[in-house]
Every structure is written in structure tokens, then in C-alpha cells.
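Asks: Can you keep this structure in mind? I'll have questions shortly.
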Amino acid sequence: MNHRCPIFLVLWSGILLFLVACQESGPSDTSAPFKTKGGLEYRWHRKGAPVKAEPGDIMELRMQIFAGDSCLYGGHDYSETWSLQLTQPTYKGSIQEGLALMGRGDSATFYPVADSVFRYDLTQTKPSWLDGSSKLRIEIGVRSLRNEEAAIQTFMLQQGIPDSCRHASGYVRYNIESSIPSSKSKPRGASGSVLQNGRKYKLLGNMRVLGGETVREFTELEPFYFVQGQGQIKPEGMGQALATCREGDSVWIVLPSWLAYGKKSMADAGVPAYASLFFQLRILGEPAVKSSLSTSRR
């Protein structure tokens, strides 16, 4: 008599029950997708992040966009990363609705309408062969989640920078010599007059990504020269901050991404997309431009 049959029957029964339970635990590729309030269809692959994205957060994503079997963006190796800032949805069924459900480590597939994605999200011309009413398949995995405003505020608290150093437009300008006691005799290196339009100045110091490495240095051998009021300072947010400085100032300046380079990535310089920039600078005056020109003509 074969006593193995009952044992095998029990094992196979357990395996079948396990498979059925797995199928019932969540939606599969053949099950009906979930929908957001705005009507965006999606399916989870992995979820459970304790902190979800909020408008204003910077999200680093692995993303692929498909139209049928054709990969439009991202490549088939799924290695390219995209950085974007989460905003309030601009239309019903926006991909932003789906991103707001995700946190670090989450992954999902979204099915937005092609015409809306190209018009509002990609701001590109839709391929002529693609039916605008069809649905794209967008595979998204969240690598990281960062709140820029919270990062700047944390930096200010750690460095003891008061809130009064935060300008209404968003940048931070902290004069590190502001603690010098006032006296009749002006201490060496103390601030002078405000920067004058048409005059040449020299910057010494460095620029770095907030919380990251130095990406550029300005030394006595290689300073940065500019003429105030001629639009030579880039990004423009830096020009706004310097316009409030005085000759001789030693300052810390923090530029949020919207006053720096925004969504642009400067890989060669080590500046990622949506980077907050931190400058440590000394502002020195140079001889008047006219006198230097007259000297060169002699």
C-alpha cells in the first residue's frame, strides 16, 4: 500500500490555497484597475511608504512611458531617473493625482489619456501616429522624496540663521559679520556702501548644493568679476540677493530651486535638477571701470 498519496494530496492542496490567496490579495494585470477621484486609472506593484508626496515635494523617479508596445520615454533598461516637483493637478485624471498617492519605494502603473499627457505634462507635440484619445502606460517607481522648503528651514535652524534673513522672494541672505559691535572706528573688513550700478566687483568664496559638495570655488587666483546692474550674475535669483548686499560683506546666501536653475540639471557642474544652492561669499570692490580703461590706453 502506498502511504505517500495522502501526503502529496495535502501538499498540493496547500499550494493551491496559497496561490488563490495571493491572487485575491491585490489586483493583477488582468484585474480592473483602481481609479483616483479625478478618474486616473492605476495598478499598484508596491505600496506602503509611510510618507506620501505632497505638492512642492521633489520626487526622483524611475519612469517609462509606453504607447502599446512602443517605449516612448525611459528606455527598456529602466535605468534613467527623472526629477520633478509635485504640483496640484491641472486637469482631471492628471498623472499628478497618481504621484500624490506614492512615497519612497512605491511603484505603480498609471493609464492617463495620451493627449492630456503631451499637452499638459510633457508640453510636447504628440506623435502623429498616436491616437490622442488612447491611454498610455506609465511605469513609475519612486527612488526618493525631498521637501525643499523643509530642507532650507532645517539648514537655517542648524546654522542659527534667524527667520528675518529670509527675503520675501524666497532667498536667504545672512551676513556673518553682523555680530561685530558698532563703534566709532570702523573695523577692518566691515561692510561699506551698497553695490553701485556700473561698478565692478569681485566675489571670493564657493558655491555648493545645499547639503552636498562644493561645485565651484572663487579664489584670489580665479575670482568671479561682475559689473553691478548689467545682468552678468546667473542665476537671476543670485543677482537679486547680491543687490541687497554691501561692499565688504561676507555673506551666506541660499537660493531655492525656483530662484536658481529650477528643473534644469547641470550634470557637468554637479548640480541636479531642483537643487537648492548655498553660497559662501566675500564681496570686494574693484577700481572703477573707466580708470582701468584709460590706463590701458596709455
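Residue-by-condition table, conditions (1) hydroxyl-bearing (Ser, Thr, Tyr); (2) assigned to a helix (DSSP H, G or I):
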{"residue": "Leu130", "(1), (2)": "no, no"}
{"residue": "Ser133", "(1), (2)": "yes, no"}
{"residue": "Ile140", "(1), (2)": "no, no"}
{"residue": "Leu145", "(1), (2)": "no, no"}
{"residue": "Ala150", "(1), (2)": "no, yes"}
{"residue": "Thr154", "(1), (2)": "yes, yes"}
{"residue": "Leu157", "(1), (2)": "no, yes"}
{"residue": "Ser169", "(1), (2)": "yes, no"}
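Asks: Now a separate question. If you check Leu72, Leu157, Leu136, Leu101, which single one turns out to be without any contact (Cβ under 8 Å) to a residue 24 or more places away in the chain and of a type outside the set (Lys, Arg)? Please lay out each step first, then the result.
Replies: Details: Leu72 fails: without any contact (Cβ under 8 Å) to a residue 24 or more places away in the chain; Leu136 fails: without any contact (Cβ under 8 Å) to a residue 24 or more places away in the chain; Leu101 fails: without any contact (Cβ under 8 Å) to a residue 24 or more places away in the chain.
Residue meeting the stated conditions: Leu157.
Asks: Continuing with the same structure: Quick one: in region 92-109, of everything that is crowded, with 16+ Cβ neighbours inside 10 Å and more than 22 Å from the chain's Cα centre (by Cα), which residue is farthest from Leu145 (Cα to Cα)?
Replies: Going through the qualifying residues, I end up with Gly93.
Conditions tested, residue by residue: (1) of a type in the set (Gly, Ala, Ser); (2) in a strand (DSSP E or B); (3) over 20 Å from Phe155 (Cβ atoms); (4) touching a Gly at 6+ places or on another chain (Cβ under 6 Å).
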position	(1), (2), (3), (4)
Tyr225	no, yes, yes, no
Gln232	no, no, yes, no
Gly237	yes, no, no, no
Ala241	yes, no, no, no
Thr244	no, no, no, no
Val254	no, yes, no, no
Tyr261	no, no, no, no
Ala273	yes, no, no, no
Leu281	no, yes, no, yes
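Asks: Which condition number does Trp252 fail, the rest of (1) surrounded by fewer than 19 Cβ atoms within 10 Å (Cβ to Cβ); (2) in contact (Cβ under 8 Å) with a residue 60 or more places away in the chain; (3) aromatic (Phe, Trp, Tyr) being met?
Replies: Trp252 satisfies all of (1) surrounded by fewer than 19 Cβ atoms within 10 Å (Cβ to Cβ); (2) in contact (Cβ under 8 Å) with a residue 60 or more places away in the chain; (3) aromatic (Phe, Trp, Tyr) except (1).
Asks: Of all residues in region 115-126, which are in a loop (DSSP other than H, G, I, E, B) and surrounded by 13 or more Cβ atoms within 10 Å (Cβ to Cβ)? If you could, list the steps in order and put the result at the bottom.
Replies: Keep residues of region 115-126 that are in a loop (DSSP other than H, G, I, E, B), which gives 122-126.
Those that are in a loop (DSSP other than H, G, I, E, B) and surrounded by 13 or more Cβ atoms within 10 Å (Cβ to Cβ): Leu122, Lys126.
Asks: Further, regarding this structure: Considering only residues that are surrounded by 19 or more Cβ atoms within 10 Å (Cβ to Cβ) and more than 18 Å from Leu255 (Cβ to Cβ), which ones fall in region 193-218?
Replies: If the condition is that a residue be surrounded by 19 or more Cβ atoms within 10 Å (Cβ to Cβ) and more than 18 Å from Leu255 (Cβ to Cβ), then Tyr201 is the only one that fits.
Asks: Of these, Pro89, Pro55, Pro50, which one is part of a loop (DSSP other than H, G, I, E, B) and surrounded by 19 or more Cβ atoms within 10 Å (Cβ to Cβ)?
Replies: Working: Pro55 fails: surrounded by 19 or more Cβ atoms within 10 Å (Cβ to Cβ); Pro50 fails: surrounded by 19 or more Cβ atoms within 10 Å (Cβ to Cβ).
Criteria check complete, one pass: Pro89.
Asks: Could you look through region 65-86, keep only residues that are under 23 Å from Ala275 (Cβ atoms) and part of a loop (DSSP other than H, G, I, E, B), and pick out the one that is modelled with the lowest pLDDT? Quick ask: steps written out before the conclusion?
Replies: Within region 65-86, the first condition is being under 23 Å from Ala275 (Cβ atoms), and the residues that meet it are 73-74, 79-86.
This time we only want the ones that are part of a loop (DSSP other than H, G, I, E, B), so: 74, 79-80, 86.
Values: Gly74: 81, Ser79: 62, Glu80: 73, Leu86: 94.
Within region 65-86, the match that is modelled with the lowest pLDDT is Ser79.
Yes or no, residue by residue, for (1) more than 23 Å from Tyr274 (Cα to Cα); (2) in contact (Cβ under 8 Å) with a residue 24 or more places away in the chain; (3) not hydrophobic (A, V, I, L, M, F, W, C):
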residue: Lys92; (1), (2), (3): yes, yes, yes
residue: Phe118; (1), (2), (3): no, no, no
residue: Leu130; (1), (2), (3): yes, yes, no
residue: Ser144; (1), (2), (3): no, yes, yes
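Asks: Moving on to the next point. Those residues that are farther than 18 Å from Tyr174 by Cβ and over 10 Å from the mean Cα position of the chain (by Cα), I need them from region 240-270; list them, please. Walk me through how you get there before you give the answer.
Replies: Here is the first cut: in region 240-270, the ones farther than 18 Å from Tyr174 by Cβ are 257-258, 261-270.
Across region 240-270, the qualifying residues are Met266, Ala267, Asp268, Ala269, Gly270.
Asks: Please pick out the residue among Val142, Val113, Val117 that is in the same structural domain as Ile58 (by TED's automatic domain parsing) and over 22 Å from the mean Cα position of the chain (by Cα). Outline the logic, then answer.
Replies: Numbers: Val142 fails: over 22 Å from the mean Cα position of the chain (by Cα); Val117 fails: over 22 Å from the mean Cα position of the chain (by Cα).
On inspection, the qualifying residue turns out to be Val113.
Residues are listed down the side, and each one gets a yes or a no for (1) modelled with pLDDT of 95 or more; (2) of a type outside the set (Val, Ile, Thr); (3) out of contact with any helix residue (DSSP H, G or I) (no Cβ under 9 Å at 6 or more places or on another chain); (4) closer than 28 Å to Glu236 by Cβ:
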| position | (1), (2), (3), (4) |
| --- | --- |
| Arg119 | no, yes, yes, no |
| Lys126 | no, yes, no, no |
| Ser134 | yes, yes, no, no |
| Ile161 | yes, no, no, yes |
| Ala168 | no, yes, yes, yes |
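The values are calculated or read from the model by the stated rules, or taken from the named source; none is laboratory data. Quick caveat: nothing in here was measured; it's all calculated off a predicted structure. Heads up, the Cβs are rebuilt from the backbone with ideal geometry, glycines too, and the neighbour counts pull from every protein chain shown.
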